[in-house]
Amino acid sequence: MTGLRRLARLVLATVAVAASLGGSQAGADPFFADVSVVDGLGTVAFDVGPRGGRDQRITRDGGRTFQRLKVGGRSDATATVLSNGLGYAEASNGRLWRTADGGRTWKPTAVRDVFHITATSTSAWALRARGRRTWLTRSEDGGRTWHTRRLRVGGFEGPAVDISFADAADGVIAGLRPSRSSAAGKAFVLVTRDGGRSWTERRQPCSGDAVGHKRSSDVQWLASGTLWLVCVGSGGAGAEALEVHTSVDGGRTFVMRSRAPLPGVGAPAVGRLGGPGHFFAFSAVTDRRAFMSFGYGFTATSDGGRRWRMLRHLPRPLDGGVSALSVDGKDRYLALAGNGLWKSPDAGAHWHRLR
């Protein structure tokens, strides 16, 4: 779902869902799984082959042409390249690599067991896990040196934690504390104002039924100062409790913008929220615009999360398969699984296929 996609001064929304689609390579069908393009530079990832191997391409001209992105001689790494030429890649074995020339050449770092990376400017942060242990590793010099600290994180099927940085200083971590039972661990929010050297715990605003046991809240801190937090509870498709909160004071206080309650819990609805199928991911573009992905479509808000509407004018109907949406100003890029990669230059009114 969602990795190194949140760049502080660039407008980007990445929404990941899960899937099946067409096209072929070496007799196998590729599944377009992710797209992230900002200022003409970005990557497209798809799964290919009988074992679902990951392949990634890079574009430097807004999607007109793509080249295979190879890290350590392999193209199955998950990578993101920033507009300043710095970039980071997570190899299939968890090794972290870095580039300083826009992804043309890569060098391995000593950092291992990586499962999530985020970066802005010359700073980067990597979440790492081995067994039940989780760490945060940070760099302030473009990935040349790294510093590590332990995190207390739980999760039912892996580390339930999310991280976002607005800039080189302001960052937030949302996650679940370890739990001895199968019930959800206690949700937490940590905030840093010094690039991750020190962290302060803030009050987690999610209601009890909006805290699940498999995943953390989705969190995103924009360069403008708005911090978005999406709480997701357990439940079947369309039945999980969803809450959207925002903060403009670094997480000291949150305001609930909208809520979709579980049936029968008696909690009042707030705003207008919800979509067809399971919730998959969230990404904010501005203080008022954000996208949310569900199993059968995307929803969008233009009023800070109070009201949500289904996106129309998509190039193909979604059928519960893998889809990913990347927004860069008016340009939108949609990885529509077997239906290919699409681009819209007019905020989604018209689409043309890139590949």
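THR137 meets the stated requirement of being touching a residue at least 24 places away in the same chain (Cβ under 8 Å), over 16 Å from the mean Cα position of the chain (by Cα) and either outside any loop (DSSP other than H, G, I, E, B) or over 15 Å from CYS231 (Cβ atoms) (or both). Each residue in segment 177-228 was checked for being of a type in the set (A, V, I, L, M, F, W, C) and part of a strand (DSSP E or B), and 9 of them qualify.
Taken as a whole, the structure places GLY155 among residues that are crowded, with 21+ Cβ neighbours inside 10 Å and either more than 25 Å from SER207 (Cα to Cα) or out of contact with any Pro (no Cβ under 6 Å at 6 or more places or on another chain) (or both).
Table: residues versus (1) in contact with a Leu (Cβ under 6 Å, 6 or more places away or on another chain); (2) among the charged types (D, E, K, R); (3) surrounded by fewer than 19 Cβ atoms within 10 Å (Cβ to Cβ); (4) at pLDDT 90 or above.
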| site | (1), (2), (3), (4) |
| --- | --- |
| LEU229 | no, no, no, yes |
| GLY250 | no, no, yes, yes |
| VAL270 | no, no, yes, no |
| THR299 | no, no, no, no |
| ASP319 | no, yes, yes, no |
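Every listed requirement among (1) free of Cβ contacts under 8 Å to residues at least 60 places away in the same chain; (2) in a strand (DSSP E or B); (3) crowded, with 17+ Cβ neighbours inside 10 Å; (4) not aliphatic (A, V, I, L, M) is met by ARG149 save one, (3). Within segment 279-304, track down each residue that is in a loop (DSSP other than H, G, I, E, B) and within 17 Å of GLU240 (Cα to Cα). Listed by number, the residues that qualify are GLY295, TYR296. Only a single item in (1) crowded, with 20+ Cβ neighbours inside 10 Å; (2) modelled with pLDDT of 80 or more; (3) more than 20 Å from VAL44 (Cα to Cα) is not met by GLY275, and it is number (2).
Of the residues making up segment 200-222, those that are at pLDDT 95 or above and hydrophobic (A, V, I, L, M, F, W, C) are VAL219, TRP221, LEU222.
Return yes when LEU151 is on the phi < 0 side of the Ramachandran plot and in contact with a Lys or Arg (Cβ under 6 Å, 6 or more places away or on another chain) and no when it is not. Spelling it out, it is not the case that LEU151 is on the phi < 0 side of the Ramachandran plot and in contact with a Lys or Arg (Cβ under 6 Å, 6 or more places away or on another chain). Of everything in segment 334-355 that is modelled with pLDDT under 85 and of a type outside the set (A, V, I, L, M), the residue that is surrounded by the fewest Cβ atoms within 10 Å (Cβ to Cβ) is ARG355.
Quick check on ARG289: is it over 18 Å from SER217 (Cβ atoms), surrounded by 15 or more Cβ atoms within 10 Å (Cβ to Cβ) and at pLDDT 90 or above? Criteria met by ARG289. Of all residues in segment 152-168, those satisfying the criterion of being assigned to a loop (DSSP other than H, G, I, E, B) and more than 16 Å from ALA124 (Cβ to Cβ) are ARG152, VAL153, GLY154, GLY155, PHE156, GLU157, GLY158, PRO159, ALA160. The condition (being touching a residue at least 24 places away in the same chain (Cβ under 8 Å) and of a type outside the set (Asp, Glu)) is satisfied by just one residue among GLY208, GLY175: GLY175.
Here is a yes/no grid of residues against (1) charged (D, E, K, R); (2) in contact with a Phe, Trp or Tyr (Cβ under 7 Å, 6 or more places away or on another chain); (3) at pLDDT 85 or above:
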| position | (1), (2), (3) |
| --- | --- |
| LEU41 | no, no, yes |
| GLY52 | no, no, no |
| ARG60 | yes, no, yes |
| ARG68 | yes, no, yes |
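The values are calculated or read from the model by the stated rules, or taken from the named source; none is laboratory data. Given the structure is predicted, the values throughout are model-derived calculations rather than measurements. Neighbour counts are summed over all protein chains in view; Cβ atoms, including those assigned to glycine, are modelled from backbone coordinates with ideal geometry.
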